[in-house]
Amino acid sequence: AAKANGRNCLKVFDPEDPQHGDESENIAAILRIALEQRLVSLVYQPIRNVQTGALDGAEALMRMKMPDGTSIMPGTFIPVAERTGAIIELGRWAIRTVCKEMLATNKVKVASVNVSPSELKMPGFSTYVAATLAEYGLVGTRLAFEITEGVELDVDTDVVRCISELKRLGVQIWLDDFGTGFAGLSWLRMIEFDTVKIDRSFLHDCETERGRRMMRDIISLLRHRGLRILVEGVETAEQGTLMHRYGIDQIQGYHVGRPEPARRFGNLGWLPSPAAAGLSSA
Ligand code: C2E
Ligand code: MG
Ligand code: MG
Ligand code: MG
């Protein structure tokens, strides 16, 4: 049975387990078949501008459908894909799909894709990105990569080089889940991020004065560094209003927009109005 605490938790991947290698290969093969049979798809969560309420962009989130119709969430299969190496193929598929179904069709101005450390370390990553952008006639500034603080990433010379190659293409680099790991502050010294996404746990803490003071301190730190600030996990109109008051640039969350398939971005009738999102004083 799997342990209950999130990432890297499946017992089948215990490296001490003699069957570990076989299991990993099986799951890598399953992921590859899922990709070929179009059981993998992307949904996109809106990113709203706090001051204008406008749709600034969207974040691509992966979904995997099982043959019986049930969905598997990325928290379950991404760690598996990372361990087996299948993430490289999945990641390339995601980048290409975002360019094709969201950017080339002008459904949003900017779309972000989550990337895993192994993708950034893979030689040829930026070359793949450049070729894909060129294939769809897109400028790099419309694409962003989110690097989560929640994973172990050794920011070595390979990673720094990869990121500077991406930045030379104009591609944006965002820091995801800021405040959840230990590396965030040191990454801010080493990597020129465009946007920092403050983890939703800090927003939930805003119910207390102590939590609100923490949020204001984080905002002031990021502001002094000239970074664009996005807050994740906005679930109520009150939280939207508070973020407006704090001068946050962008928000994301179930209350301001659920993740939806690309086709739903053709007509935004389903997107809550700025007022409903708590941004009425904008
Ligand atoms: P993330 O990048 O931090 O994405 C935000 C997660 O929070 C998403 O879960 C989203 O559905 C959820 N969320 C959004 N708004 C709210 C809210 O208001 N309240 C709550 N409680 N949750 C909210 P999801 O889709 O299950 O993704 C989980 C994680 O899996 C992502 O976290 C990301 O790190 C990873 N992931 C997803 N797609 C990909 C991918 O294509 N590649 C890689 N490498 N990782 C991915
Ligand atoms: Mg993300
Ligand atoms: Mg996030
Ligand atoms: Mg998060």
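Structure above, values below:
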read-out: Highest-fluctuation residue, 197, 65, 121 considered, GNM on the chain with Cα pairs under 10 Å; value: 65
read-out: Helix 125-135 vs. the chain, principal-axis angle (Cα, 0 to 90°, nearest 10); value: 70 degrees
read-out: Debye intensity ratio I(q)/I(0), log10, region 181-255, q values 0.22, 0.25, 0.27 Å⁻¹ (C-alpha model); value: -1.01, -1.26, -1.41
read-out: Among 274-280, 228-234, the order from most to least packed when residues are scored by Cβ within 10 Å on average; value: 228-234, 274-280
read-out: For region 115-136 versus region 238-282, the gap between their alpha-carbon centres in whole angstrom; value: 30 Å
read-out: Beta bridges by DSSP in region 123-258, antiparallel share as percent, to the nearest 5; value: 5 percent
read-out: Antiparallel bridge percentage (DSSP; both residues within the chain; nearest 5); value: 40 percent
read-out: Neighbour cut-off at most 13 other Cβ (10 Å), DSSP loop, chymotrypsin sites (Phe, Trp or Tyr not before Pro), region 106-206; value: 182
read-out: Mean separation of Cα contacts under 8 Å, 6 or more apart, over the residue count of region 45-94: relative contact order %; value: 21 percent
read-out: The chain, Rg to Rh (Cα coordinates; Rh as Kirkwood inverse mean 1/r); value: 0.96
read-out: Helix-only CD estimate at 222 nm, as mean residue ellipticity for the chain, using -39500 (n - 2.57) per DSSP H run (n ≥ 4); value: -11000 deg cm²/dmol
read-out: 17 Å Cα-Cα reach of residue 107 towards aspartates and glutamates, excluding residues that sit fewer than 8 places from it in its own chain; value: 56, 59, 260
read-out: Whole-number Å³ per residue for the convex hull built on Cα positions in region 30-88; value: 107 Å³
read-out: Ranked by how many other beta carbons lie within 10 Å on average, peptides 98-105, 210-217 from highest; value: 98-105, 210-217
read-out: Cα pair distances exceeding 15 angstrom across region 129-226, given as percent; value: 65 percent
read-out: Shape metrics for region 52-114, restricted to C-alpha atoms - Rg then Dmax, Å; value: 13.7, 43
read-out: Ranked order, 30, 219 - accessible area, probe 1.4 Å, largest first; value: 30, 219
read-out: Leading residue at positive end of dipole, region 83-179 (Cβ point charges), from 171, 116, 157; value: 171
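The values are calculated or read from the model by the stated rules, or taken from the named source; none is laboratory data. From a predicted model like this one, the values you see are computed outputs, not experimental measurements. Positions of Cβ are generated from backbone atoms using ideal geometry, with glycine treated the same way; all protein chains shown enter the neighbour counts. Protein only, heavy atoms only, side chains kept; ligands, DNA and RNA dropped before computing areas. Shrake-Rupley method; radii C 1.70, N 1.55, O 1.52, S 1.80 Å.
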